[in-house]
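Have a look at the structure below, then the notes.
Please treat every number below as a calculation from the coordinates, not as lab data. Source: prediction; values computed, not measured. We place every Cβ from the backbone using ideal geometry, glycine too, and count neighbours over all the protein chains shown.
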């Protein structure tokens, strides 16, 4: 008799059956799941040899796999380095905790990974999905495979086919996510290529692609930003000035998040301090541009009507664009171009971290059409493309959420797995 039907009072028998909330119809009356350590479910695979990074090629017949974020880090034609038996295999990055499911012959790259082969009682694809459900990218897993191998895995009997069914279901969602990711990448590449056409190259004063009504409009203007509008920063705000509520206070990291349209949890300063400092420096207004000056330098945020916040001095450069020569939207787009970004990299004082200073911003050359209608046309074109990228990003996130919900239904809860 299955444990799930026993009613005796022993601790072992009184425990609820280890089953997921959702089972495919043909498995609803199947036995409960088992629990074992990862170390009891897999063997490690030793590659014929490991390829150093100097052997990574841009093209080749076989992929090279290491612990990097990308699925494939390089290519090789070295048959003697191939791992091609017992596919698919799971690759675990000892230091990055990256998991990869590899279903084609491959070579191992630099050290720092474990290659795992499932034993007959568990399917490799099922185990891979389970490990993604119980994320291994946490502090407790970092440092070595010896920590991961002690973790518990819940699984149904392999012979029933339930493992395969779950893996196929989740893999189909993975394929949809991968297709959506490729669509997003294609849009981003398209945008990058379009910007290279819509803005002049370094040393040139006309773009290669121009809207029909502006094709005979002549050369663009090249001028240092410091000659167009004031460039400054804020007053110093000390950590002791932060308050639980009040006016939002942004550092460079918040500006980067806002640029990516990510949610933030801002710090705050008091209304009195904001009023005093605003009296000295002025307030941000529609069309001003804020640019990160430390770490991830050159990331822009365009101030919109209704924005009300203060920001960290030095870390954020304040371009007080008055709109007389440059529209705010165009200036924002200009900071995304290779034309500006190459200047930033050349100007950055590379010490412990790269920096972009007020003086550097003043010396940064802007290239722009004198006709603000053309500026607006370019900005509107890129904004519409950004809107499309945002919509496709949301679809990708929705697929991630859908898969997460499926996993919560198709696998027993982590609490039940950890407390058998």
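Rounded to the nearest 0.05, what FRET efficiency is calculated for residue 262 and residue 119 with R0 set to 45 Å and r the Cβ-Cβ distance?
0.60
Would you mind checking the tilt of helix 338-347 against the longest principal axis of the Cα atoms of the chain, expressed as 0 to 90 degrees and rounded to 10?
Between the helix axis and the principal axis of the chain, the angle is about 90 degrees.
Considering only the stretch 34-155, what is the antiparallel percent among its DSSP beta bridges, to the nearest 5?
90 percent
Sorted from largest down, give the three principal axis spans of the alpha carbons of the stretch 148-233, whole angstrom values.
74, 39, 19
Kindly express, to the nearest 10 degrees and within the range 0 to 90, the angle between helix 124-133's C-alpha long axis and the longest C-alpha principal axis of the chain.
Helix 124-133 sits at roughly 50 degrees to that axis.
Can you tell me the FRET efficiency between residue 209 and residue 184 if r is taken as the Cβ-Cβ distance and R0 is 35 Å, rounded to the nearest 0.05?
0.90
If you split all Cα-Cα distances of the chain into 10 Å bins from zero, what percentages do you get per bin, shortest first?
4, 16, 20, 19, 18, 14, 7, 2, 0
As an exercise, find the ratio Rg/Rh for the stretch 56-125 from alpha-carbon atoms, using the Kirkwood inverse-distance average for Rh.
0.96
Rounding to the nearest 10 and keeping the result within 0 to 90°, find how far the Cα-based axis of helix 271-281 lies from the longest principal axis of the chain.
40 degrees
Using the C-alpha gyration tensor of the stretch 345-420, what are the square roots of 5 times its eigenvalues, in whole angstrom, with the largest one first?
Computed over the stretch 345-420, the values are 47, 26, 6 Å.
Rounded to whole Å and sorted largest first, list the principal axis extents of the Cα atoms in the stretch 221-368.
Dimensions of the stretch 221-368 along the principal axes of its Cα atoms: 44, 37, 28 Å.
Given all pairs of different Cα atoms, what value in angstroms does the Kirkwood hydrodynamic radius of the stretch 113-257 take?
22.6 Å
Can you give the % of DSSP beta bridges in the chain that are antiparallel, to the nearest 5?
Counting DSSP beta bridges with both partners in the chain, the antiparallel share is about 90 percent.
Report the Stokes-Einstein translational diffusion coefficient (µm² s⁻¹, integer) for the stretch 34-155, Rh taken as the Kirkwood radius over Cα pairs, at 10 °C with viscosity 1.306 mPa s.
Rounded to a whole number, D works out at 109 µm²/s.
Which of 355, 53, 364 moves most in a GNM of the chain, Cα contacts under 10 Å?
53
Is it possible to state the helix-based mean residue ellipticity at 222 nm for the chain, with each DSSP H run of 4+ residues giving -39500 (n - 2.57), the sum divided by total residues, to the nearest 500 deg cm²/dmol? What is it?
Using -39500 (n - 2.57) per qualifying helix, the result is -10500 deg cm²/dmol.
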